[in-house]
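The values are calculated or read from the model by the stated rules, or taken from the named source; none is laboratory data. Bear in mind the structure is a predicted one, so any value in this text is a computation, not a measurement. Quick reminder, even Gly has a Cβ in these numbers, built from the backbone with ideal geometry, and neighbours come from all protein chains shown.
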Amino acid sequence: MTQKTRRQFMTSTMGAGAAGIAAGVALVGNASAAHPVKRSYSLSTEELKARFNDPIWNRETSAKIEGDTAPSKYVNGYVTGTVMGVRDNEAVRALFGFEVFSSIRVLKQENGDYQRLCRELIFYKDLNTGELMDSWLNPYTNEEVAVVDVANDPFNYVISDHFPDPPSYGGLNTAKPPRRPFIRNWTLLNEDTVVLTSDIHLYYRNKLDPAIWVRESAGPMNRVSELFRYSIRREDIENDALTHMPHTGVWNRITPWLPWMLMGTTPGHIVYAGTFSSVPSVDWVPAPVAKRVRERFPQYTVAPEKWVDPSYSSLENYARTQKPAKPK
């Protein structure tokens, strides 16, 4: 499976003739207006919105989105996108691409909760060649740096009828907000599409002490936001027989410079902007990604089978597996 940027897609489709494309779009639009598609659903809009406010329904549906509630089954996830640099007094800059592959299993417990068991990988790629990178020329510093893949195994949490505590990041994040019923932010975007908005905003102590990790650490504290938008067909949301909920979505992450960029405390940050979906297996992701998964991290093609502690973040794993760079 090959991936195209929007620019590449537009360039390739222009070969068919702009007038022909415009005519096709107009024809589809006119046909839609003249003969609107009418679907019948098992639930009224009021009944569906009542489900949105049920913590148990939210727990069960979230488990089906994250994994597969059928015994012994698991789900692979795929994300692709671009990492951008943000600095004062200049335009946002596209730096490199990223590719995520994950394996997730959900295990129902006696109390109704689900253990979400996950392994996840992030690779980085050259935006010009599309090749996965092991080194990168940092345009801010004009320095060739070694790229470090993200390999988080495990990254687990519990799906309950109450919101979970924020990630502890090995004890670095100690925030404990009051327990709240698990009622998520659902929207009926149109008659046929349901959108789930899921955001998390964190501020916690950085595992990479800037006194030790002088070139890697962005400072004593980490400010990170994760922004998810899931798009799900209404007919699937209403189908209680499904054990996995097909979906696509958008993921954005706002975070300090990656440690291997060797930016230190230079003002600025990065933004991940990507799109995601579940996939049947590693065979469904781009061939270079599948090749690297199989060669470097073969165990990641299958989801974990049992709960293991602790779960480390990518920064914690970086601190455990890497050494501070020599002074420049």
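See the values below:
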{"read-out": "Of all residues in segment 117-151 being hydrophobic (A, V, I, L, M, F, W, C) and not in a strand (DSSP E or B), the one that is surrounded by the fewest Cβ atoms within 10 Å (Cβ to Cβ)", "value": "LEU127"}
{"read-out": "Which numbered condition GLY17 fails, given (1) closer than 29 Å to ARG184 by Cβ; (2) at pLDDT below 95", "value": "(1)"}
{"read-out": "Neighbours by Cβ (under 8 Å, 6+ apart or cross-chain): first from segment 213-224, closer than 16 Å to THR141 by Cβ; second of a type in the set (Phe, Trp, Tyr)", "value": "GLU216/TRP260; GLU216/TYR318; ALA218/TRP257"}
{"read-out": "Residues (assigned to a loop (DSSP other than H, G, I, E, B), of a type outside the set (Asp, Glu), closer than 27 Å to TYR78 by Cα and touching a Leu at 6+ places or on another chain (Cβ under 7 Å)) located in segment 215-240", "value": "none"}
{"read-out": "Selection status of TYR114, buried (at least 16 other Cβ atoms within 10 Å of the Cβ), touching a Leu at 6+ places or on another chain (Cβ under 9 Å) and not polar (S, T, N, Q)", "value": "yes"}
{"read-out": "Check on PRO181, in contact (Cβ under 8 Å) with a residue 24 or more places away in the chain, under 29 Å from ASP68 (Cα atoms) and surrounded by fewer than 15 Cβ atoms within 10 Å (Cβ to Cβ)", "value": "yes"}
{"read-out": "Qualifying residue in segment 206-214 (condition: part of a strand (DSSP E or B) and crowded, with 16+ Cβ neighbours inside 10 Å)", "value": "no"}
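Yes/no per residue for (1) among the aromatic types (Phe, Trp, Tyr); (2) within 27 Å of THR82 (Cα to Cα):
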position	(1), (2)
PRO177	no, no
LEU188	no, no
TYR203	yes, yes
ARG215	no, yes
PRO220	no, yes
SER225	no, yes
SER231	no, yes
